[in-house]
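K.L.:
Below are the C-alpha cells for one structure; questions will follow.
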Amino acid sequence: MSDFVTFQEFETRAEADALAEQLKAHDIPATVEQNRNLLDQNIIGRQYNNYILVKIKGEDFARAQKVLLDATEVDMSQLPENYMLLSFTNDELIDVLAKPDEWGPFNYKLALMLLERKGVAIDDRKTEELQHAHLLEASTRRSLGPAHLLFGYGFTIICILAIVLKNKTALLLLSYFYGLPIFIGFVLGMVFRFTRRTLPDGSRIYSYDDSARKHGLFMLLLSTIVMVLLTSVFLLIVSGAKVSL
C-alpha cells in the first residue's frame, strides 16, 4: 500500500475537510493534516507555511483530479472584469492546460473556454501531450551549484582546519557557537540526501540528482565526524585543559 502524499493545500481546516469528504464520497481515501515543513523553499522547494494538507494515495491522483474537474462549473458571466485569465494570451492559456496541478480545475476549464472562444481547438490528446511534457519537466531533479557546495562543505572544512592547525582563537570561537557552522553542513546534507517531492501524477522522486545526493551523504559523514572532534575540544576547554599549539 502506497503512502499518502499531499494532493492540495488550504488555508483553513473547513476547506480541507470539505475536499476530503468530497473525495471519500467517490471512494478515494483522504486524510487531513497540518503542514509541518520548517525549511525554506530555497532549500527544499516549498515555503514555510501553516497550510492544511489534504493527502491521498499517489495512484489516486488522476481519479481525484477528474472528480474535481467534473464537479467544477464555470460561469463566465460571473467573473470580475479584471480576472487574470481574461487577459492571458493563447500561449499563456495553453500553459494553464499543461499545469492543472498548479492552476486548479476552475482555471483549467476557464482556459479551455477562452481558447474555444478564440477559435483555438484543444482536444483531449493535445492536453495529454501538454501535461506529459509538464510531468517530464517536473521530473527533472535539481543539481548543486557552487553556493550549495560552499555552504555544505565550507564551514565544516574551516572547523577541520581549526582543529588540525590547533588555532586556539578559532577553536574558542567555534566552541562558543558550539558547532553551529557544522550543523548547517549537517542540515544541508540531510536535505540534499533525503528530500523528496510529489509529481503532478502523484509519484514521488528525490528532489536532487544522484551527484547531489552523494554530496549530501559526504556532508553528513564529514559533519558528524567533525562534530565529534569539536565536542572533544569543547569538553577540554570547559574542563580547563589547555589546547596545545
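K.L.:
Tabulate in residue order the Karplus-calculated ³J(HN,Hα) for segment 187-195, using 6.51 cos²θ - 1.76 cosθ + 1.60 with θ = phi - 60°, rounded to whole Hz; enter x for Gly and Pro.
P.N.:
With the stated coefficients, segment 187-195 comes to 5, 5, x, 4, 5, 5, 7, 10, 4 Hz.
K.L.:
Apply the Karplus parameterisation 6.51 cos²θ - 1.76 cosθ + 1.60, with θ equal to phi minus 60°, to every residue of segment 128-142 and state each ³J(HN,Hα) to the nearest whole Hz, in sequence, with x for glycine and proline.
P.N.:
5, 5, 4, 6, 5, 4, 5, 5, 4, 5, 5, 7, 5, 8, 6
K.L.:
Then there is this: Can you work out the Karplus-derived ³J(HN,Hα) for every residue in segment 70-75? Use 6.51 cos²θ - 1.76 cosθ + 1.60 with θ = phi - 60°, whole Hz, and x for glycine or proline.
P.N.:
Result, ordered by residue: 5, 8, 8, 10, 10, 10 Hz.
K.L.:
Select from segment 74-126 those GluC sites (Glu not before Pro) which occupy a DSSP coil region and have at most 14 other Cβ atoms within 10 Å, ordered by residue number.
P.N.:
Sites meeting the loop and neighbour criteria: Glu81.
K.L.:
Over 30 Å between Cα atoms, which of Lys66/Lys214; Lys126/Lys214; Lys24/Lys109; Lys57/Lys118 qualify?
P.N.:
Going by Cα-Cα distance, Lys66/Lys214; Lys126/Lys214; Lys57/Lys118 fall outside the 30 Å limit.
Values in this text are rule-based calculations from the coordinates and carry no lab data. Just so you know, these numbers come straight off a predicted model, no measurement behind them. Cβ: placed from backbone, ideal geometry, glycine included. Neighbour counts: every protein chain shown.
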